[in-house]
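The values are calculated or read from the model by the stated rules, or taken from the named source; none is laboratory data. Quick caveat: nothing in here was measured; it's all calculated off a predicted structure. Using ideal geometry, Cβ is built from the backbone for each residue, glycine included, and neighbour counts are taken over all protein chains shown. Calculation scope for accessible area: heavy atoms of the full protein, side chains included, ligands and nucleic acids excluded. Shrake-Rupley method; radii C 1.70, N 1.55, O 1.52, S 1.80 Å.
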Amino acid sequence: MRLLHVDASPKGANSNSRALSRFFVDQLRAHIPSLSIDYLDLASEVLPPITELFTGATYTPEAERTPEMRDALTASDALCRRLLDAEALLFAMPMHNWTMPAAFKGFVDAIVRGGLTYVPTEDGRFVGMLGGRKTLFVTTRGVDLRPGTPFAAMDALTPALRAAFGFIGVANPAFVDAQPLQFARETERADALTRAKEELAALAEYWGNIEPRVMLSQAS
Ligand SMILES: Cc1cc2nc3c(=O)[nH]c(=O)nc-3n(C[C@H](O)[C@H](O)[C@H](O)COP(=O)(O)O)c2cc1C
């Protein structure tokens, strides 16, 4: 299984989402010894900002792009290729101001690309190209936003991830949300990490027991 593993926390060695995504990878490797990892750290590999040239280039047919337009799309093209080459996807991030951290938003802006990760059809629909890949989002939150809690309605992270990745074909992604990890008593924080690790271990076992269903027509 080829797994694209993306971390997005700015907190380096002190990051909970990084620790949890590493935990999942270790568990998964125990079930799939041949696991291969393509790793992307969005805190150290800072993506170029979206510019006017980039936006113009994305909506210009490939054959008509100028050399400058092609240059502006290079990093985004490469990221799309890495996604399309993967058989499974793991994205780990903290919640920042109720939604995704800016580094991960930059990644999303780079990978939702017409003609690459989604294709418009002649009858006005859009077909996402990432179908069939097992996908996991690991998110960490300072407060508890589970259903029934006072902050539950503030979760703008889960729907944003579902929408952006659903558009490019990711169906039924798994979510492991570790919460509360900051604004809570020590015992509650420890319980949240234990719960998250239990969910991750169970999911790794599940992924390990099913064959990747993806047929990579793009694979060369
Ligand atoms: C800039 C910033 C904004 C944050 N905003 C929120 C928030 O809106 N809701 C929340 O529950 N926690 C928020 N937090 C707390 C983090 O989500 C929480 O500490 C998380 O565990 C950090 O994960 P990490 O260790 O992987 O970076 C914020 C933290 C930072 C640094």
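Axis angle, to the nearest 10 degrees, between helix 16-31 and the longest C-alpha principal axis of the chain: 80 degrees. Need one word for region 107-220: rounded, prolate or oblate. Basis is the Cα gyration tensor (sqrt eigenvalues a ≥ b ≥ c); a/c below 1.5 gives rounded, then a/b vs b/c decides. The shape class here is oblate. The phi-based Karplus calculation (6.51 cos²θ - 1.76 cosθ + 1.60; θ = phi - 60°) puts the 3J(HN,Hα) values of region 39-53 at 9, 10, 10, 6, 7, 9, 9, 6, 7, x, x, 6, 10, 4, 4 Hz, whole numbers, x for Gly and Pro.
If you line up the long axis of helix 102-111 against the longest principal axis of the chain, both from Cα atoms, how many degrees apart are they, to the nearest 10? The angle comes out near 40 degrees.
Where both bridge residues fall in the chain, DSSP classifies roughly 15% of the beta bridges as antiparallel.
Charge dipole (Cα centre; +1 on Lys/Arg Cβ, -1 on Asp/Glu Cβ; no other charges) of the chain amounts to roughly 380 debye. 3J(HN,Hα) along region 83-89: 5, 5, 7, 7, 9, 8, 10 Hz, from the Karplus curve 6.51 cos²θ - 1.76 cosθ + 1.60 with θ = phi - 60°, whole Hz, x for Gly and Pro. A simple rule links phi to the HN-Hα coupling: the Karplus curve 6.51 cos²θ - 1.76 cosθ + 1.60 with θ = phi - 60°, which for region 184-190 gives 6, 5, 3, 5, 5, 5, 5 Hz, with x for Gly and Pro. By its C-alpha gyration tensor, with a ≥ b ≥ c as the square roots of the eigenvalues, how is the chain shaped: rounded for a/c under 1.5, else prolate for a/b larger than b/c, else oblate? The shape class here is prolate. Relative to the dominant Cα principal axis of the chain, helix 157-167 is inclined by about 30°.
Taken per residue, the accessible surface of region 1-131 reaches 50 Å², heavy atoms only and a 1.4 Å probe.
Residues whose amide H lies under 5 Å from that of D177, counting only those 5 or more places away or on a different chain, are T139; hydrogens are built 1.01 Å from N in the peptide plane. Shape analysis of region 14-76 places it in the prolate category; the axes a ≥ b ≥ c from the Cα gyration tensor give an a/c of at least 1.5, with a/b above b/c. Considering only protein heavy atoms and a probe of 1.4 Å, how much of the accessible area of the chain is carbon and sulfur, as a whole percent? C and S fraction of accessible area: 55 percent. Here's how it looks for R65: its modeled amide H is under 5 Å from none belonging to a residue 5 or more places away or on a different chain. Measuring between their Cα centroids, region 161-195 and region 1-32 lie 14 Å from each other.
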